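Written out below as structure tokens is the structure these notes cover.
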Amino acid sequence: MASFGNAFSSSIGKKLIMGITGLFLISFLVVHCFINALIIVNDGGLTFNMGAHFMGTNWIIRAMEVVLFAGLLAHIVQGFRLVFQNRAARPERYAVNNGSANSKWYSRSMGLLGTLLLIFLIVHVSKFWVMSRFTGIPTVDANGNHDLFAVMVETFKDPLLVLLYVLAMVSLAYHLLHGFSSAFQTLGWNHKKYTPLIKGFGFWFSIIIPLLFALMPIVMYLGCIK
Amino acid sequence: MAELNAHIPEGELTDKWTKLRSSMPLVNPSNKRSIEIIVVGSGLAGASAAATLAEMGYKVKCFCFQDSPRRAHSIAAQGGINAAKNYQNDGDSTYRLFYDTIKGGDYRAREANVHRLAEVSTNIIDQCVAQGVPLAREYGGLLDNRSFGGTQVQRTFYAAGQTGQQLLLGAYSALERQVGMGKVEMFTRHEMLEVVVVEGKAKGIIARNLLTGELERHSGHAVLLCSGGYGNVFYLSTNAMGSNVTAAWKAHKKGAFFGNPCYTQIHPTCIPVSGDHQSKLTLMSESLRNDGRIWVPKKKDDTRKASEIPEDERDYYLERRYPAFGNLVPRDVASRAAKERCDAGYGVGKSKLAVYLDFKENTERYGRIEANKNNIHNPDKETCMKLGREVIKEKYGNLFDMYAQITGEDPYELPMRIYPAVHYTMGGLWVDYNLMTTVPGLYALGEANFSDHGANRLGASALMQGLADGYFVLPYTIGAYLSKELATKPIPQDHPAFVEAEASAKAILDKFLSIKGTKSVDHFHKKLGKIMWDKCGMARNEKGLKEGIAEIQQLRKEFWSDLRVPGSSDEMNPELEKAGRVADFIELGELMCMDALNRNESCGGHFREEYQTEEGEALRDDENYAYVSAWEYKGDVTFELHKEELKFENIKVAQRSYK
Amino acid sequence: MSTGNMNLTLKIWRQKNNKAKGGLVDYKISEVSPDMSFLEMFDVLNEDLVAKGEEPVVFDHDCREGICGACSMFIDGRPHGPKEGITTCQLHMRSFNDGDTIVVEPWRAKAFPVIKDLMVDRTAFDRIIASGGFISVNTGNAQDANNLPIPKVQADSAFEAAACIGCGACVATCKNASAMLFVSAKVSQLAQLPQGQPERYRRVQSMVAQMDAEGFGNCTNTGACEAECPKGISLENIARMNRDFYSAKFVSEESI
């Protein structure tokens, strides 16, 4: 009987899960970033709230939300498993290990960067998502949409929180800097012609997306967007 | 004196092997399953034999002292492997390969063996390619060839400068396939210390597990020694640090005759010695002589840099002396010519024991061709050199890098400095046409036997011989012996012969540890090496050899009274391993000098200063020395000479000329 | 006895056997010549130790010309030392300075247990090859070698993968002690050749399964293996192996 065997439990299979979920999460980042970017319209959050409303009510998006959490969970759980398995593969550490001579620090610190992101996510989700889904957003805007924008403005008055967001986005940038091209390598997409393009695109993606995310709390804190 | 029968089949030279192969007794498949064969060594000969025998259905046990069979020293062969494929359409044929090999060996090899080697050479290439060995190819997708010394055709197949590695990994993968199927049991980090002989036949070995120090008894219906050559008797050689004669020497002491021990090959293109600390020498492949020109300054003790010596003040001595073959003369000729120039005071470098190998002219020539291809017309010299360097890099990149690492000089800019060094031993255990030694059931393959290269081996022929023996010769010929052994039950491991062999191996190990002297193993090894190089090296004479024998005997006494081996015998103890190897080298060294002293002629790698032509070429004495010296061990480091006459029926014996 | 003028401090991992606890031990060594290889410097040290009646340092080495793959020292935090593209035996003392302190440790990985001092057990590599790193062709079954033209680019690429010497530097340097570069080099060599096609998808599955069974870690694409590989084996091989693995698992109907 033909079966998938150890397709997912093998070392390559585990990485496949990390790669696919990683790329999926990257696609989510793009959507999230686009919606957030609607604040740039600077209309007191009307456009932004409309986007948020759409995201909160469209059934395809709602369905995808479930997939997103599943993907996120898989990425996190598998990530931790890999970290522990990989540590176990070298029970005795080196007294001297000059890792920087042969690889980038962030590529060796994906577990750490991921953990930082996880802490951030817990804060972030409890601040915004839990409220918009369960406890409810207290006010509505001029269009009658839930005023998520107002919540943001309120939240980002706290400089410590802004700092947390900015640091988290730095973590995200480094996480992506390795993760983006690494996912392609794991999927086997290494090609003399295309890999340089992927790496180049990945580099700018890893800088621009976290930068945009980080700018939102900053501009709100500074009051540039009201 | 025991009669030496080489068992060469009757009939025409060209039919001998085919006929024998077709009439060889066979062992039926069900019987093969119950026959165990022990293979000692996992290089080209050992791995290919073990894999092939297992494929045929025999039970095989394979031993190597390295941590993996993939590390056997065949891996270090650089240049290539010969085969009479005639892919270049340059007139090559089985006969021509046969002829070149006999002539290259200075008419001291067996015709029938060499012809068989030439016949199966083509099968080797086919087999290796089928295994996925990535030999070099041309753009059309077909295999590429290059030239090697001693031939005027291009018949050498190669994989950059790593041909040995690729061929060995091919044989290794075939071996591991059988290991995976459970048909070969692999014993790594094991060293053979004794052959077990029962009623005159080889029936097993004693091997030491190097990890635990435990002595193990292994029985088998036949024992194959594929343990390589003994170049390390010189201490400094291109051999690996672990390469040793112990397996062959123990077999010799159990009755296997040792053939032509004095035939050693000194390779002309090695990186010169840089100091006393040197532990080994590194070869620069013979293939470099395709594109490099060898020269020394015309002026004695010239201290100018190579680049400052103008063209007409350079002596391209090989091209001058041997216009027909030029830089591609056989190794023995090239080595002696280099020694002659250096001894006469024309050597270069700090030690003055080196000559230049210069790629400049060919780099420029390649560059010009490349420029043409790229539509650059009338390129200047600099462009040519730049483009040419790329070509050279592709052909020899790894060798150039190796040179740069070791010397700290850039060979793309400066000519290489090279000097001859011990590289290969044509001598080895005497075997008959079936590769069986004088002990029934004990076989020797590859460099461990003496068979195919006469007094000098041509470049790219060692890989050919190792694989020919292992893939295509022994698996057939062993049937003749095994078919008669079917009735023999496996020898129980508590048989007195096993007990005795183990006790004798243990006694030697205990002895090493009990001396508790003051000098390390390496101390004695270096001393032995110096005696051998000075007295039994590139040039030998009666007086020196006699002195050498006396010095070695003295050294042996000191070794057994002043050796210090730390640690114990029941653990991983490399010093103890080395002690065993050096003890055997010391005894072998004496035999080599005796053999060289006995052979009152010059032939191939054996150059007796008393016997040379007026131009300084080797002067053979076919009337009195057209024989193989086969030495029998008579106990207590004494030996008796037996002779196997060499008959040349298909080739006209002549003074070797490469002029 | 040596002729140079460098004085060095060595911190070398000493461990009596697999079960014993090991530790770094300091050794002073003087008159080191810059022309010596790193292993020749160890020879000098060992001569001194034997003369003093101490046990010499045990390490794997054989060909001393960078091709057998036996030598395996982790020098100052890097496999085969500070220079790229070479093995320990090709490392020369001119790459160090007088007065340097050099830390030498064995390869460290669960799948490479220490045997003694700097010597480790790498037989896991052999078992991986035995699980499928070959083309099943018995002796005598081959057709003429030129009946199968192979494009030069492909043959060269297969050769580059085949240049692996099995030293284990990739495992030693990988933060996860992953053997992916080693395994992918063999998978990739054979997958690029027409001779390797019949077993292509069986091979990758069995070799990966064996690799996992040996206890190596998982690849996280840091690229350290490629950077430290003395033979410059490329990460492309890992991607190629991944592709073949997915094809084998998700496209092929044969499962093993």
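The values are calculated or read from the model by the stated rules, or taken from the named source; none is laboratory data. What you see is a predicted model, and the numbers here were worked out from it, not measured in a lab. Neighbour counts run over all protein chains shown; Cβ positions are idealised from the backbone, glycine included.
The residue that is farthest from the other protein chains (Cβ to nearest Cβ), among those in region C:141-180 that are part of a loop (DSSP other than H, G, I, E, B) and β-branched (Val, Ile, Thr), is C:165. Could you please find all residues in region B:507-526 being part of a helix (DSSP H, G or I) and of a type in the set (S, T, N, Q)? B:514 - this is the single residue of region B:507-526 that is part of a helix (DSSP H, G or I) and of a type in the set (S, T, N, Q). Give me the residue from region C:86-117 that is more than 26 Å from residue A:93 (Cβ to Cβ) and part of a loop (DSSP other than H, G, I, E, B) and, out of that set, nearest to the other protein chains (Cβ to nearest Cβ). So the residue we want is C:97.
Conditions (1) outside any strand (DSSP E or B); (2) within 14 Å of chain C (Cβ to nearest Cβ); (3) over 30 Å from residue B:226 (Cβ atoms), marked per residue:
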| residue | (1), (2), (3) |
| --- | --- |
| B:353 | yes, no, yes |
| B:367 | yes, no, yes |
| B:370 | yes, no, yes |
| B:378 | yes, no, yes |
| B:390 | yes, no, yes |
| B:395 | yes, yes, yes |
| B:398 | yes, yes, no |
| B:404 | yes, yes, yes |
| B:421 | no, yes, no |
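Restricting to region B:41-65, count the residues that are surrounded by fewer than 24 Cβ atoms within 10 Å (Cβ to Cβ) and facing chain C (nearest Cβ under 9 Å).
Residues flagged as surrounded by fewer than 24 Cβ atoms within 10 Å (Cβ to Cβ) and facing chain C (nearest Cβ under 9 Å) within region B:41-65 amount to 2.
When the residues of region B:215-239 are narrowed to those that are of a type outside the set (S, T, N, Q) and in contact with a Lys or Arg (Cβ under 7 Å, 6 or more places away or on another chain), which ends up farthest from residue B:584 (Cα to Cα)? Outline the logic, then answer.
Applying the first criterion (of a type outside the set (S, T, N, Q)) to region B:215-239 yields B:215-218, B:220-226, B:228-231, B:233-236.
When the remaining residues are screened for being in contact with a Lys or Arg (Cβ under 7 Å, 6 or more places away or on another chain), the result is B:215, B:218, B:220, B:235-236.
On the way: B:215: 19, B:218: 22, B:220: 25, B:235: 13, B:236: 16 Å.
Result: B:220.
On the stretch given as region B:642-659, residues that are within 23 Å of the chain's Cα centre (by Cα) and part of a strand (DSSP E or B) total 2.
Listed here are the residues, each with its yes/no results for (1) under 18 Å from the mean Cα position of the chain (by Cα); (2) within 14 Å of chain C (Cβ to nearest Cβ); (3) not in a strand (DSSP E or B).
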position: B:164; (1), (2), (3): yes, yes, yes
position: B:171; (1), (2), (3): yes, yes, yes
position: B:192; (1), (2), (3): no, no, no
position: B:196; (1), (2), (3): no, no, no
position: B:207; (1), (2), (3): no, no, no
position: B:212; (1), (2), (3): no, yes, yes
position: B:216; (1), (2), (3): no, no, no
position: B:224; (1), (2), (3): yes, no, no
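Among the candidates C:183, C:187, C:103, which residue alone is touching a residue at least 24 places away in the same chain (Cβ under 8 Å), among the hydrophobic types (A, V, I, L, M, F, W, C) and in contact with a strand residue (DSSP E or B) (Cβ under 8 Å, 6 or more places away or on another chain)? If you could, list the steps in order and put the result at the bottom.
Working: C:183 fails: in contact with a strand residue (DSSP E or B) (Cβ under 8 Å, 6 or more places away or on another chain); C:187 fails: in contact with a strand residue (DSSP E or B) (Cβ under 8 Å, 6 or more places away or on another chain).
The unique qualifying residue is C:103.
So, in region A:86-110, of the ones that are closer than 18 Å to residue A:22 by Cβ and at the interface with chain C (Cβ under 9 Å from one of its Cβ atoms), which residue ends up surrounded by the fewest Cβ atoms within 10 Å (Cβ to Cβ)? If you could, list the steps in order and put the result at the bottom.
First, pick out the residues of region A:86-110 that are closer than 18 Å to residue A:22 by Cβ: A:86, A:104, A:106-110.
In the following step, the residues that additionally are at the interface with chain C (Cβ under 9 Å from one of its Cβ atoms) were identified as A:86, A:104, A:107-108, A:110.
Values: A:86: 21, A:104: 15, A:107: 21, A:108: 20, A:110: 23.
Filtering first and then ranking leaves A:104.
Based on what the data block shows, is residue B:245 of a type in the set (Val, Ile, Thr) and either within 30 Å of residue C:16 (Cα to Cα) or within 23 Å of the chain's Cα centre (by Cα) (or both)? Against the criterion (of a type in the set (Val, Ile, Thr) and either within 30 Å of residue C:16 (Cα to Cα) or within 23 Å of the chain's Cα centre (by Cα) (or both)), residue B:245 qualifies. Scanning region B:611-628 for residues that are surrounded by fewer than 15 Cβ atoms within 10 Å (Cβ to Cβ), in contact (Cβ under 8 Å) with a residue 24 or more places away in the chain and under 13 Å from residue B:599 (Cα atoms) yields a single hit, B:624. If you go through region B:559-580 and keep only what is of a type outside the set (Phe, Trp, Tyr) and away from every other protein chain (no Cβ under 13 Å), you end up with B:561, B:569, B:580. I'd like to check something: does region C:54-74 contain any residue that is modelled with pLDDT of 95 or more and either surrounded by fewer than 18 Cβ atoms within 10 Å (Cβ to Cβ) or in a strand (DSSP E or B) (or both)? Checked against the condition, which is being modelled with pLDDT of 95 or more and either surrounded by fewer than 18 Cβ atoms within 10 Å (Cβ to Cβ) or in a strand (DSSP E or B) (or both), region C:54-74 yields at least one hit. Sort out which residues of region C:122-140 are more than 7 Å from chain B (Cβ to nearest Cβ) and either assigned to a loop (DSSP other than H, G, I, E, B) or free of Cβ contacts under 8 Å to residues at least 12 places away in the same chain (or both), and write them in order of number. Passing the criteria: C:132, C:140.
Being at pLDDT 95 or above, assigned to a helix (DSSP H, G or I) and over 30 Å from residue A:226 (Cα atoms), is that true of even one residue in region A:150-168? Within region A:150-168 (the criterion being at pLDDT 95 or above, assigned to a helix (DSSP H, G or I) and over 30 Å from residue A:226 (Cα atoms)), the answer is no, since none of the residues qualifies.
Taking the numbered list (1) away from chain C (no Cβ under 14 Å); (2) within 29 Å of residue C:57 (Cβ to Cβ); (3) polar (S, T, N, Q) in turn, residue B:598 passes all entries but (2). Determine, yes or no, whether residue B:141 is within 8 Å of chain C (Cβ to nearest Cβ), surrounded by fewer than 22 Cβ atoms within 10 Å (Cβ to Cβ) and over 21 Å from the mean Cα position of the chain (by Cα). Considered against the rule, which asks whether it is within 8 Å of chain C (Cβ to nearest Cβ), surrounded by fewer than 22 Cβ atoms within 10 Å (Cβ to Cβ) and over 21 Å from the mean Cα position of the chain (by Cα), residue B:141 comes out as yes.
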